[in-house]
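Step one of this worksheet: look at the structure below.
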Amino acid sequence: MERVAFSPLGDWLVSAAGRKLRLWNSSGELIREYPDANSTITDIKWRHDGRQFAVSAYNGVVLYDPEEAEPLRRFEWQGSTLTLEWSPNGKYIATGDQDSTVHFWITDTGNDLQMWGYETKVLELAWSFNSRYLATGGGTQVVIWDCSGKGPEKTRPIMVEGHQHLIKHLNFQRQGMLLASGGNDGLLAIWKVGTKKAALLADVVFKAPIACLAWSPDDRCIAVSDESGTLSIAAVRRL
């Protein structure tokens, strides 16, 4: 079993093992086993209202309604999708791809935008709570796309410099505009994201690459672990 994802209300659980996709209820009973995916399933994410979930594999993304046996829609693309994230408003599904690109799928129409120029494959995606900004990794710079108005097409992203090695983790606050980035250089940085730039508010260097980071539910603290096995918790109330 490689991927599991509870729906936001906890009434459904989706699991993936290789190409096998299964749906379970909250009591652990198997509700449905879907036809095999085209390849190994790489990610599963629920829409924030819990009415749909998205599954990525080679050839793109497939949308499902947990009440239906057949897929709702297929977003097809000839390439390997590695990770995906719904925007909180459900308008976009962003994917990070093996060929060093990012896709924006418009869920209402199925149209897609593709963003190029990343240093390496993109595994790091983070939406702001208001769905305006998508922060992406795929290199030593944080690349932030403004998805307000007509969306990110034909716009220039905000480029955030500070890391010396590849970025490994990105995480926006749950209800704020602070973005945390963690890299292989052991740097944890906190950025205030605005309309044209991101300002560095605080940073600290750990002894080893950043392994994981998470905001507290009230956004007042951030927990950070590094690959030496150290866990640290920092208050950010004054930022």
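Using label points projected 7 Å from each Cα along Cα→Cβ, tell me how many nm separate Ile106 and Arg19, to one decimal. Reported label-point gap for Ile106 and Arg19 is 3.3 nm. Which FRET efficiency, nearest 0.05, do Trp116 and Leu30 yield, Cβ-Cβ r, R0 35 Å? Once the sixth-power term is evaluated, E becomes 0.25. Per residue, the range 55-210 exposes an accessible area of 46 Å² to a 1.4 Å probe, with every protein chain left in place.
If you look at the Cα atoms of the chain, you get an Rg and a Dmax of 17.9, 51 Å. Taking only the alpha carbons of the range 1-128, we obtain Rg and Dmax values of 14.0, 45 Å in that order.
Placing a pseudo-label 7 Å from each Cα along the Cα-to-Cβ vector at Gln164 and Cys212 gives an inter-label distance of 2.7 nm.
How large, in percent, is the carbon and sulfur part of the accessible surface of the range 1-54 at a probe radius of 1.4 Å? Answer for the range 1-54: carbon and sulfur cover 48 percent of the accessible area. Length available on full extension from His48 to Ser148: 0.36 nm per residue minus the Cα-Cα distance, which gives 34.1 nm. Please work out the average accessible area per residue across the range 1-47, using the 1.4 Å probe convention, and give it in Å². Spelled out: the 1.4 Å probe surface of the range 1-47, per residue, equals 56 Å². For the range 105-239, averaging the sequence separation of C-alpha pairs within contact (under 8 Å, six or more residues apart) and dividing by the residue count gives a relative contact order of 15 percent. Placing a label point 7 Å from the Cα of Phe129 along the Cα-to-Cβ direction, the residues of the range 159-176 whose backbone N falls under 20 Å from that point are 170-176. Subtracting the Cα-Cα distance of Glu227 and Lys197 from 0.36 nm times their residue separation leaves 7.8 nm of extension gain. Ranking Ser80, Ser56 by solvent-accessible area of protein heavy atoms (1.4 Å probe, all protein chains present), from largest to smallest, gives Ser80, Ser56.
The values are calculated or read from the model by the stated rules, or taken from the named source; none is laboratory data. For clarity, every value in this text was computed on a predicted model and none was experimentally measured. Ideal geometry is used to build each Cβ from the backbone, glycine not excepted, and the neighbour counts take in all protein chains shown. Please note that ligands, DNA and RNA were not included when accessible areas were found on the heavy atoms of the full protein model with its side chains. Shrake-Rupley method; radii C 1.70, N 1.55, O 1.52, S 1.80 Å.
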